[in-house]
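For reference, the structure discussed in these notes is given below.
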Amino acid sequence: MAEEVVLLDFWASPFGIRVRIALAEKGIKYEYKEEDLRNKSALLLQMNPVHKKIPVLIHNGKPICESNVQVQYIDEVWHDTAPLLPSDPYQKANARFWADFVDKKMYELGSKIWRTKGEEQATAKKGFIESLKLLEGELGDKTYFGGENLGYVDIALVPFYCWFYAYEKCGEFSIEAECPRLMAWVKRCMQKESVANSLPEQEKVYELVLRAKKILGI
Amino acid sequence: MEHWVFRHEITYKDKPNVWLQLLNPVLIFGGVRMANEEVVLLSFWACTFAGKVRVALAEKGIEYKSMEQDMVTKGDLLLKMNPVHKKIPVLIHNGKPICESQIILQYIDEIWPHKSPLLPLDPHQRAVARFWADFIDTKICELGKKIWKTKGEEKEATKKEFMESLKLLEGELGDKPYFGGENLGYVDVSLLPFSCWFYAQEKVGDFSIETDCPKLIAWHTRCMEKDSVSRSLPDQQKIYRFVLDLRKLFGVEE
């Protein structure tokens, strides 16, 4: 049966990047539609009326919203290739836990690093590094969080790498200095086409952040 | 198979603090006794997230031991089992911890798939169920809390947004008896504990949820007729008294 897969996305969204990587890992062809977040399309508003946010995955006309829900959906529909979640229920729960941890920590703390200054920024930086260190602990000596192959947690976390340069410039710190093992993991992930082709350049994200800071008067 | 019910009194360390005073004896009931399975739930009687897990375990007839936690002075077991977030609920299955209520529900559903399945089999329906569970955990939880924590204009704005969110859920329910269709499902279990706070929110917020969302209230009543639900969730009046105490604690007065 001909499959129609459409992704409504924004080039710099780490949540959208997750879905791009998952689709690439599974070798799924899809139509990418870039959204103007200041002027959202009728399709986006129709497909995600509750949150009006990207990414939205549209599979044969039916929308799926929220990136972790989308990645699990992709894993369940195209279950024969490149499994993202382990089959063991306890390991699955562990993977979901760490992906949820990434959701709770990375976006909010990362945003605070570029949006704030002084004490608030210092607190965010500290929390951000502590979170990365916890993730480093979970990674341990494995090649990827998923073991020998990219898994659910790798896909949840690696998209934030394209924002690291912006965080480092705005926060005046080095993520590599604090978390060398995590950066080694990042480099391994970036050697994979599915990841390298899905992430925008760090410098472009930094330019976006600078423009946003100007608009917000920060 | 054994079926048994008992009332379990929790003893506390003799420390005077408001949280301990608010704790109550917890009703635990057992269902099917399974060989070599040890299921423990680190919980707090009023916690909505823990309530989801209690309902799910009851629906599946899983025997478990509930351990009421001190939310101020967190016990060693909780800190050991959830060192990252230090929060309840934590499900401990044969010594291994599972944290975060949505993750626990899915784990329970995967380990014990045959009785009362929570998630549907179809991937798109599963995605829809997960979407609404996430909506409940973010919107309903946050707005519900704000109703009793705020006053004046902020409270009025919160009430409006809260009702809009509940209406969206009512729309999702439609004419089905449960969000899961003919039986309780993932979204029902996710929303039920929050719906036990409706009475308290109405009293504190001075509004009626039934007026704008009659189908949702009818759904709540229908669910509470099930043993698995009514025995797992706290009484709405008890929650209301708890909220009044919380408002005193947080210094929220009109």
**Q.** Residue in segment B:89-104 that is nearest to B:Ala133 (Cα to Cα), counting only those that are open to solvent by 20 Å² or more (accessible area, probe 1.4 Å) and without any contact (Cβ under 8 Å) to a residue 60 or more places away in the chain
**A.** B:Glu100
Q: Go over the candidates A:Lys105, A:Lys204, A:Lys169 one by one and state the one that is within 13 Å of the chain's Cα centre (by Cα) and of a type in the set (D, E, K, R).
A: A:Lys105
Q: Could you figure out which of (1) over 30 Å from A:Tyr167 (Cβ atoms); (2) free of Cβ contacts under 8 Å to residues at least 24 places away in the same chain; (3) more than 10 Å from chain B (Cβ to nearest Cβ) isn't true of A:Pro89?
A: (3)
Q. Pairs, please: C-beta under 6 Å, at least 6 apart or cross-chain, first residue under 27 Å from B:His114 (Cβ atoms) and in segment B:51-75, second among the aromatic types (Phe, Trp, Tyr)?
A. B:Leu57/B:Tyr64; B:Lys60/B:Trp112
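Residues are listed down the side, and each one gets a yes or a no for (1) open to solvent by 40 Å² or more (accessible area, probe 1.4 Å); (2) within 13 Å of chain B (Cβ to nearest Cβ):
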residue: A:Pro63; (1), (2): yes, yes
residue: A:Pro83; (1), (2): yes, no
residue: A:Ala95; (1), (2): no, yes
residue: A:Asp103; (1), (2): yes, yes
residue: A:Leu109; (1), (2): no, no
residue: A:Glu120; (1), (2): yes, no
residue: A:Leu139; (1), (2): no, no
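Here are A:Leu135, A:Leu57, A:Leu139: which of them is closer than 18 Å to B:Ala127 by Cα and of a type in the set (A, V, I, L, M, F, W, C)? Don't jump to the end; show me each part of the working.
Values: A:Leu135 fails: closer than 18 Å to B:Ala127 by Cα; A:Leu139 fails: closer than 18 Å to B:Ala127 by Cα.
Step by step, each of A:Leu135, A:Leu57, A:Leu139 is checked, and only A:Leu57 is closer than 18 Å to B:Ala127 by Cα and of a type in the set (A, V, I, L, M, F, W, C).
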Q: Select from segment B:139-186 the residues that are within 15 Å of the chain's Cα centre (by Cα), open to solvent by 10 Å² or more (accessible area, probe 1.4 Å) and touching a residue at least 40 places away in the same chain (Cβ under 8 Å) and list them in ascending order.
A: B:Cys141
Q. Quick check: anything in segment A:16-37 within 14 Å of another protein chain (Cβ to nearest Cβ), among the aromatic types (Phe, Trp, Tyr) and farther than 25 Å from A:Glu168 by Cα?
A. no
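For B:Asp134, indicate whether it is within 14 Å of the chain's Cα centre (by Cα) and open to solvent by 20 Å² or more (accessible area, probe 1.4 Å). It would help to see each step written out before you state the result.
On the way: within 14 Å of the chain's Cα centre (by Cα): yes; open to solvent by 20 Å² or more (accessible area, probe 1.4 Å): yes.
So B:Asp134 fits the description; yes.
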Q.
Being open to solvent by 60 Å² or more (accessible area, probe 1.4 Å), of a type in the set (Ser, Thr, Tyr) and more than 18 Å from the chain's Cα centre (by Cα) is the filter here; which residues of segment B:196-229 pass it?
A. B:Thr211
Q) Could we say that A:Ile74 is surrounded by 15 or more Cβ atoms within 10 Å (Cβ to Cβ), closer than 24 Å to B:Ala129 by Cβ, among the β-branched types (Val, Ile, Thr) and within 14 Å of another protein chain (Cβ to nearest Cβ) here? A) yes
Q: Kindly provide the set of residues from segment B:86-103 that are facing another protein chain (nearest Cβ under 8 Å) and in a loop (DSSP other than H, G, I, E, B), ordered by number.
A: B:Glu100
Q.
Take B:Leu119 and tell me if it is touching a Gly at 6+ places or on another chain (Cβ under 9 Å) and at pLDDT 95 or above.
A. yes
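Would you call B:Leu79 assigned by TED's automatic domain parsing to the domain that holds B:Ile62, of a type outside the set (Asp, Glu) and either modelled with pLDDT of 95 or more or open to solvent by 50 Å² or more (accessible area, probe 1.4 Å) (or both)? Explain how you work it out, then say what you get.
Details: assigned by TED's automatic domain parsing to the domain that holds B:Ile62: yes; of a type outside the set (Asp, Glu): yes; either modelled with pLDDT of 95 or more or open to solvent by 50 Å² or more (accessible area, probe 1.4 Å) (or both): yes.
So B:Leu79 passes the test.
Hey, any hits in segment A:172-187 for a residue that's among the polar types (S, T, N, Q), within 24 Å of A:Tyr73 (Cβ to Cβ) and at pLDDT 95 or above? Before the answer, list the steps.
The first filter runs over segment A:172-187 and keeps only residues among the polar types (S, T, N, Q), leaving A:174.
Next, from what is left, pick out any that are within 24 Å of A:Tyr73 (Cβ to Cβ): none.
No, every residue in segment A:172-187 fails to be among the polar types (S, T, N, Q), within 24 Å of A:Tyr73 (Cβ to Cβ) and at pLDDT 95 or above.
For (1) within 14 Å of chain A (Cβ to nearest Cβ); (2) of a type in the set (S, T, N, Q), each residue gets a yes or a no:
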site	(1), (2)
B:Gln106	yes, yes
B:Ile111	yes, no
B:Lys115	no, no
B:Leu121	yes, no
B:Lys139	yes, no
B:Trp148	no, no
B:Lys155	no, no
B:Met163	no, no
B:Leu173	no, no
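The values are calculated or read from the model by the stated rules, or taken from the named source; none is laboratory data. Since this is a predicted model, take the numbers as computed values, not measurements. Glycine also receives a Cβ, built like all others from the backbone with ideal geometry; neighbour counts cover every protein chain displayed. Accessible surface areas use protein heavy atoms only, side chains included; no ligands, DNA or RNA. Shrake-Rupley method; radii C 1.70, N 1.55, O 1.52, S 1.80 Å.
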